[in-house]
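Notes for the one structure printed next.
The values are calculated or read from the model by the stated rules, or taken from the named source; none is laboratory data. Remember, it's a predicted structure, so these values are computed and weren't measured experimentally. With ideal geometry, Cβ positions are generated from the backbone for all residues, glycine too; neighbour counts draw on all protein chains shown.
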């Protein structure tokens, strides 16, 4: 009854209702575009070819929501945009003008967004050329015979224009959802891509096993699935609460301050960004291999193998991006300065540099725990594949993205409800989803 009351409150907010409907409409447009095939490609042959590849090709197809197997307008998905974002953020660490733009506030952010769009178009053209050249080269092989109906320079140019336009449109859709809808648009596009592939994946597993389905294995997998979801929800809502005391100050006859509050620091500040960034980088060698660059085939073979080398590389990239993204988005110096302006301090810590150093130490420690959690969720499922004989590679990554985006969306909906004096989706009197408190030891 409580959940039902929360849903009723959701319909009572016109602005929130418009935002949700707009988000659903944009996601529907995206799903329709997944089935619009690029000119000059036989969709049926392409599906058979992608189904026989597996590895990173299968993962790329998952993140594109099946657009790759249809060779649709959105075959590149949103990954070029993510890759461009990674490149620009890395440039901010080594190229001073980019770092200065990041510090200029709203105006600098707009310029960085514009540069990211330019980079997305450039990467899309590059990757589209690689795909077109690869498909045209495989068109005469046995496993992909007739995949390109009209090979030639015209096909390559048409494919480059079509796929680049599709990615640019998805980039626009994501930005529109973020601005006029609910939650982060780019994350929601990836969320929709993964969720829509779940029924097909389950059906494929059942068809492959036929009558040889072992109930014990299914029960263990479902149990681990529930445990993983619970772990993700626990850590994504985890906070390290730093106590803060506001100094007493007198204004006229009234005395203000003296209250005690908390500065919440998320255990996983970077959210689902590290596995998305790491996955995007691991997809890039496939494009380089299609361009026949030296060493690219060997690197792609190592990634497709999925052995300890791949898992180590994947885990290292996740840890790197956990720290990298946290250090970019969270600035202890700015937090310490804001506390000083508000005449607030951490008990036993002097305001200014000592406060910034203390917050930096705390955020580094909890980021390590958060990074280990992300690695466990994303890498362990691939290790379980050999024990259960179930294709679970990247299952943890997909699950973390789905749960993380779902939690973020629910929190944003509840924020809209609470700001208008309505109870959240948890029901009357429940308020927002409470964060876990991790005490410092």
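Table: residues versus (1) modelled with pLDDT of 80 or more; (2) surrounded by 19 or more Cβ atoms within 10 Å (Cβ to Cβ); (3) closer than 21 Å to residue 178 by Cα; (4) in contact with a strand residue (DSSP E or B) (Cβ under 8 Å, 6 or more places away or on another chain).
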| residue | (1), (2), (3), (4) |
| --- | --- |
| 368 | yes, no, no, no |
| 374 | yes, yes, no, no |
| 380 | no, no, no, no |
| 385 | no, no, no, no |
| 391 | no, no, no, no |
| 397 | no, yes, no, no |
| 421 | no, no, no, no |
| 430 | no, no, no, no |
| 441 | no, no, no, no |
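How many of the residues making up segment 157-174 are farther than 14 Å from residue 80 by Cβ and surrounded by fewer than 16 Cβ atoms within 10 Å (Cβ to Cβ)?
Residues meeting the conditions: 2.
Identify all residues within segment 175-207 that are buried (at least 22 other Cβ atoms within 10 Å of the Cβ) and assigned to a helix (DSSP H, G or I); write none if there are none.
177, 185, 187, 188, 189, 190, 191, 193
Any chance segment 54-63 includes a residue that's buried (at least 20 other Cβ atoms within 10 Å of the Cβ), in the same structural domain as residue 158 (by TED's automatic domain parsing), in contact with a helix residue (DSSP H, G or I) (Cβ under 7 Å, 6 or more places away or on another chain) and modelled with pLDDT of 85 or more?
No; the residues of segment 54-63 include none that is buried (at least 20 other Cβ atoms within 10 Å of the Cβ), in the same structural domain as residue 158 (by TED's automatic domain parsing), in contact with a helix residue (DSSP H, G or I) (Cβ under 7 Å, 6 or more places away or on another chain) and modelled with pLDDT of 85 or more.
Could you check segment 214-328 for strands (runs of 3 or more DSSP E) lying wholly inside it with 1 or more residues that are surrounded by fewer than 18 Cβ atoms within 10 Å (Cβ to Cβ) and modelled with pLDDT of 80 or more?
238-246, 260-266
Of everything in segment 338-357, what is within 30 Å of residue 90 (Cα to Cα) and either in contact with a helix residue (DSSP H, G or I) (Cβ under 8 Å, 6 or more places away or on another chain) or not assigned by TED's automatic domain parsing to the domain that holds residue 273 (or both)? Give them in sequence order.
Listed by number, the residues that qualify are 339, 352, 353, 355, 356, 357.
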